[in-house]
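Enquirer: Please read through the structure below; I'll follow up with questions.
All of the numbers you see were taken from the coordinates with simple rules; none came from a lab. Here the structure is a predicted model, which means the values were calculated and not measured. Heads up, the Cβs are rebuilt from the backbone with ideal geometry, glycines too, and the neighbour counts pull from every protein chain shown.
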Amino acid sequence: MRILHLLDSTCGWEQRLAVTQMLDRFDAKIIECIVASIDPHHTKNLLPHLEIADVSRKLGLSAMAAPAIRSLNESHSFDMVHAWGISAAVAARAALEESAPLVISVFDPGLSSAELRMLLTIQASGRCNYACAAEHVRRRMVEQGIEFESCAVIRPGVDFKTIREAKDRNLREKLGIASDAFVAIAPDRPSDRGGHCSAIWAVAMYAHLDYNVRLIVPGESSAVADLRRLASSGEHPNTVMLTGSKYRFEELLTIADVLIYGGLADVSTTAIAWAMAANVTVISPATYSVTELLSNDLNGMLFKGDESWTRRGRQICSRLDNARSAAKIREVARGQAYEVFSVRRCVDQHRQLYENILSGSQPSDNISDPATVSA
């Protein structure tokens, strides 16, 4: 079996981890993988140690990468293309025959109307199946017209070895954070939907109460400039650390005590999976996507979020003290992470997905969802 993994500039740490987990664990004699990108400069920064085939799009148009993808396919005779971004999926569908199978991975349930239109167009143009990172992702897609039968839920894999190794790297010291500081982290990437403003507001108020607290905001996006202005306007501007792409999210997470989800929109929950495994307490409004994994005071700290982002910041602030002593919550969450987010299970389920599609079976055949807490 020969698979082309196709990436684009929307791919981030979730896609990086998923692709590398499969490349590391697939038996190359059974599944041969080649990685290519329609935005190779971005992908080479994301995956610097991998060989990335250049199938650049032209004039910023995804479909204009089709000739290069078609040429690559003629050279390697791929059995399937696995697109890790919607732009990559558009390019792949434009390059392939209608009967050629295409898999698209979707992590975030908050797809824009433009993204959904692209997915529906792809669906109408040829064989297409979806690897959904959560049940809520599949539900949202089906509500918008994606065929239920074309979707399989494959939870992300969390590498406990990566977590253990990151804990030994003295990142707190490298970042100038005191060993006794209370450290919060927001999800990567910074965004309005992710509620990063509320997280900054919460930590600013907590610092005002004379607590030794820091907030790490990793990743790069168009929202960073506004977040930096908000952080600098506080009484203790050094409380917030915007680390950009210097450090990887899964490494920064290991020095945190709390992961703050500050938004009311449904967003990707891969960061929650890693937080559960890393013994980090999750504080979040009880949105649909979050409650698929967490229950209040069982394996996370949830609340009914206020519509106002500043009042929601106060709600988060009021829970930070309790998060310090939430050892039982962290213990339960970590145990569930072992069961639900196994890397081996994730890799095996992707292999099963490929086999199902190539054999003409339903994509979800023999792929069970291991989640133990559901909406």
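Enquirer: Pull up all non-local amide H partners of C33: gap of 5 or more, or a different chain, and H-to-H distance under 5 Å with H placed in the peptide plane.
Expert: Under 5 Å from the amide H of C33 lie the amide H atoms of I3, each far enough along the sequence or on another chain.
Enquirer: Please work out how many pairs of lysine residues in the chain are eight or more positions apart (or on different chains) and have Cα atoms closer than 22 angstrom.
Expert: Details: K44/K58; K44/K246; K161/K174; K161/K246; K167/K246; K167/K328; K174/K246; K304/K328.
So the count of such lysine pairs works out to 8.
Enquirer: Right, another one. Would you tally the net charge around N238, using a Cβ to Cβ cut-off of less than 13 Å, leaving N238 out, and scoring K and R as +1, D and E as -1?
Expert: +1
Enquirer: In what sequence, highest mean first, do 34-47, 301-314 appear when ranked by Cβ atoms within 10 angstrom?
Expert: For the peptides 34-47, 301-314, the packing ranking is 34-47, 301-314.
Enquirer: If the only charges are +1 at each Lys and Arg Cβ and -1 at each Asp and Glu Cβ, what is the size of the charge dipole of the stretch 248-311 around the Cα centre, to the nearest 20 debye? It would help to have the intermediate numbers written out before the result.
Expert: Details: 3 positive and 8 negative charges, 11 e Å.
In total the dipole reaches around 60 debye.
Enquirer: In addition: What is the angle, in °, between the Cα long axis of helix 13-25 and the longest principal axis of the Cα atoms in the chain? Nearest 10 is fine, range 0 to 90.
Expert: Between the helix axis and the principal axis of the chain, the angle is about 60 degrees.
Enquirer: Expressed as an acute angle from 0 to 90° and rounded to the nearest 10, what is the orientation of the C-alpha long axis of helix 196-208 relative to the principal long axis of the chain?
Expert: Tilt of helix 196-208: around 20 degrees.
Enquirer: I'd like the Karplus ³J(HN,Hα) series for the stretch 294-311: coefficients 6.51, -1.76, 1.60, θ = phi - 60°, whole numbers in Hz, and an x wherever there's a Gly or Pro.
Expert: 3J(HN,Hα) across the stretch 294-311, in whole Hz: 10, 10, 4, 6, 9, 10, x, 10, 10, 7, 7, x, 6, 5, 6, 5, 6, 5.
Enquirer: While we're looking at this one, here's another question. Assuming a ≥ b ≥ c are the square roots of the Cα gyration tensor eigenvalues, decide whether the stretch 160-338 counts as rounded (a/c under 1.5), prolate (otherwise, with a/b larger than b/c) or oblate.
Expert: rounded
Enquirer: Compute the helix-to-body angle for 66-76: its Cα long axis versus the longest principal axis of the chain, expressed 0 to 90° and rounded to tens.
Expert: 70 degrees
Enquirer: Rounded to the nearest 20 debye, what is the charge dipole size of the chain about its Cα centre when +1 sits on each Lys and Arg Cβ and -1 on each Asp and Glu Cβ?
Expert: Computed charge dipole of the chain: roughly 620 debye.
Enquirer: May I ask you to evaluate 6.51 cos²θ - 1.76 cosθ + 1.60, the Karplus curve with θ = phi - 60°, for each residue of the stretch 54-60 and list the ³J(HN,Hα) values in order in whole Hz, giving x for glycine and proline?
Expert: Values per residue, Gly and Pro as x: 8, 10, 4, 7, 10, 6, x Hz.
Enquirer: Another question, then. Check which residues have an amide H placed less than 5 Å from M80's amide H, if you skip close sequence neighbours.
Expert: Amide H neighbours of M80, under 5 Å, 5+ apart: R2, L4.
Enquirer: Okay, moving on. In the chain, if the dipole is taken from +1 on Lys/Arg beta carbons and -1 on Asp/Glu beta carbons about the Cα centre, which of S289, T162, L253 is farthest to the positive end?
Expert: Result: L253.
Enquirer: For a quick check: sort I200, I177, I357 by the number of other beta carbons within 10 angstrom, fewest at the front.
Expert: I177, I357, I200
Enquirer: Among D266, D210, which comes first, then next, by fewest other beta-carbon atoms within 10 Å? The partial results should precede the final answer.
Expert: Details: D266 21, D210 8.
Ascending Cβ contact count within 10 Å gives the list D210, D266.
Enquirer: Only loop residues by DSSP count here, and only those with at most 16 other Cβ atoms within 10 Å; note down the GluC sites (Glu not before Pro) in the stretch 164-245 that meet that.
Expert: Here the GluC sites (Glu not before Pro) that fit, given the DSSP loop and packing criteria, are E220, E235.
Enquirer: Can you sort D188, D257 from fewest to most other Cβ atoms within 10 Å of each residue's own Cβ?
Expert: So the ranking, lowest neighbour count to highest, is D257, D188.
Enquirer: In deg cm²/dmol and to the nearest 500, what is the mean residue ellipticity at 222 nm of the chain if only DSSP H runs of at least 4 residues count, each as -39500 (n - 2.57), divided by the residue total?
Expert: Only helices count here, giving -12500 deg cm²/dmol.
Enquirer: Please compute the net charge surrounding I163, taking Lys and Arg as +1 and Asp and Glu as -1 over other residues with Cβ under 14 Å from its Cβ.
Expert: +2
Enquirer: Next question, about the same structure. Among G234, M301, V217, whose Cα sits farthest toward the positive end of the charge dipole of the stretch 160-338 (+1 at Cβ of Lys/Arg, -1 at Cβ of Asp/Glu, about the Cα centre)?
Expert: The residue sitting farthest along the positive end of the dipole is V217.
Enquirer: What do you get for trypsin sites (Lys or Arg not before Pro) in the stretch 172-217 restricted to DSSP loop and a cutoff of at most 16 other Cβ within 10 Å of the site's Cβ?
Expert: R193
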